[in-house]
1. What range in the chain is the longest one free of trypsin sites (Lys or Arg not before Pro) that are in a loop by DSSP and have at most 10 other Cβ atoms within 10 angstrom?
2. How large is log10 I(q)/I(0) at q = 0.18, 0.19 Å⁻¹ when the Debye formula is applied to the Cα atoms of the stretch 137-246, each weighted equally and without solvent?
3. Would you kindly state how much longer the chain becomes between residue 205 and residue 81 on full extension, computed as 0.36 nm times their sequence separation minus their alpha carbon distance, in nm to one decimal?
4. How large is the charge dipole for the stretch 16-144, taken about the Cα centre, if only the Cβ atoms of Lys, Arg (+1) and Asp, Glu (-1) carry charge, to the nearest 20 debye?
5. Ignoring ligands, DNA and RNA, what percent of the 1.4 Å accessible area of the stretch 170-236 is carbon and sulfur?
6. Would you mind working out the accessible area per residue for the stretch 11-79, using a 1.4 Å probe, and quoting it in Å²?
7. Can you give the FRET efficiency for residue 185 and residue 3, using 1/(1 + (r/R0)^6), R0 = 22 Å, r = Cβ-Cβ distance, to the nearest 0.05?
8. How about the stretch 68-162: which chymotrypsin sites (Phe, Trp or Tyr not before Pro) there are in a DSSP loop, with at most 12 other Cβ atoms within 10 Å of their Cβ?
Amino acid sequence: MTRKQHFIIILLLGSLATISPFSIDMYLPGFPAIAEDLNTSIEQVQLSLTSYLVGISVGQLLYGPLLDRYGRKTPLYAGLVVYLLASLACAFTMSAESLIAMRFVQAIGGCAGMVAAQALVRDLFPVNKTAQVFSLITLVIAVSPMIAPTVGGYVTAAFGWHAVFLILAGITALILVAIHFALPEGKQPDHTMSLRPKPVLQNFLAVLRQPQFLVYALVGGVATAAPFAYIAGSANVFMNIYHVSEQAYGWIFAFLAFAMIGTTQLNHILLRRFTSQQIINFTLFYQTAVGLLLVVGSWYGWFGMYSLILLMFVFLTGQGLTNPNATALSLAPFSKHAGSASALMGSFRMAMGGLVSAAVSIFHNSTALPMLSVMMACALAGLVILLISKRDARYRASQLQVEEDTSVVM
């Protein structure tokens, strides 16, 4: 693979993986306008975000077996076409209920890009390079929250929120053309892989029996759900509590997204000296501490808008470290079932994202506390799972040593 090919492949895989972040972030500044136009509440509009995340969670479980059976590109084309058509339907919707439904369908199509991108990394690059490749892809993904809400804010202000979904459809059409001409096929179709429910479930169970996958999929899924709480609650916090405009909100969102971009590149450097496990350990400890400070400070009214933004920036730096390392550690044990493993991991992450975004909506109380509390809870839960798994591993190792010593004595 030449340097140019390497760059193009990373860019295309990153573009596929950014379809869903763009779909999530770009319409956020339009929440108040959507609520007013569809004669509904902000909380109801937030449910369109939840339905999108649930759709991604369900869709990834479908695409995992399809990508293993039919190769990477055919299911990818089908998914992107579904996404494009659903985006057009969202643009012309006339009710909150239909928007929620079409966002679910849009997610079913768009998640093909996420699953295929992760599986193709495992296909096209050696195992010892996957963490670095995921860091580069995460960099491309992390740029989208800087661009999407800012563009979405200006588009909403100038042309209305409907135009956002038309732009998403246009971007997807361009990506379809690019992957047709420039993206390698990856793993060839494996027609021995059955799509019947029982064999599919057996493949998923084979993945779940791998301890390394199970631990880091859980840790990564819970910990990386924190930004979804921020995404679900930030429009209300900054636009309704602090009364910033759509354009200003886009710039705030872009600034906070930079937290993930910087640490993504820092992760690329840290991997030269530290293991992925060590980086995740440290990250979850400091995110939990910062999250606790955010919750306590919000409860006692310590923060103004700028101090809140600063501490949230510090908290979100952890996402650029946790995400690529947890992904690489989860997928490292697999070659044959990489598509199914990628689907399970992504599905769990999006399911957690849907749960935390719904929690922010349910506990909505016109303060920043629901958003910040859920963010902190995600980091703390990830840390607890990691510590429990390490304690269990030490216990198993000690039991094995006792058995070996007993065997020697006998």
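The values are calculated or read from the model by the stated rules, or taken from the named source; none is laboratory data. Computed from a prediction, not measured in an experiment: that's the story for all the values here. Quick reminder, even Gly has a Cβ in these numbers, built from the backbone with ideal geometry, and neighbours come from all protein chains shown. Surface accessibility is based on the protein's heavy atoms, side chains included, excluding ligands, DNA and RNA. Shrake-Rupley method; radii C 1.70, N 1.55, O 1.52, S 1.80 Å.
1. Working: sites that count: 209, 272, 273.
That would be 1-208.
2. Per q value, in the given order, log10 I(q)/I(0) is -1.14, -1.16.
3. Numbers: separation 124, 0.36 × 124 = 44.64 nm, distance 3.02 nm.
Full-extension gain reported as 41.6 nm.
4. 640 debye
5. 68 percent
6. I get 28 Å² per residue for this part.
7. It comes to 0.60.
8. 92
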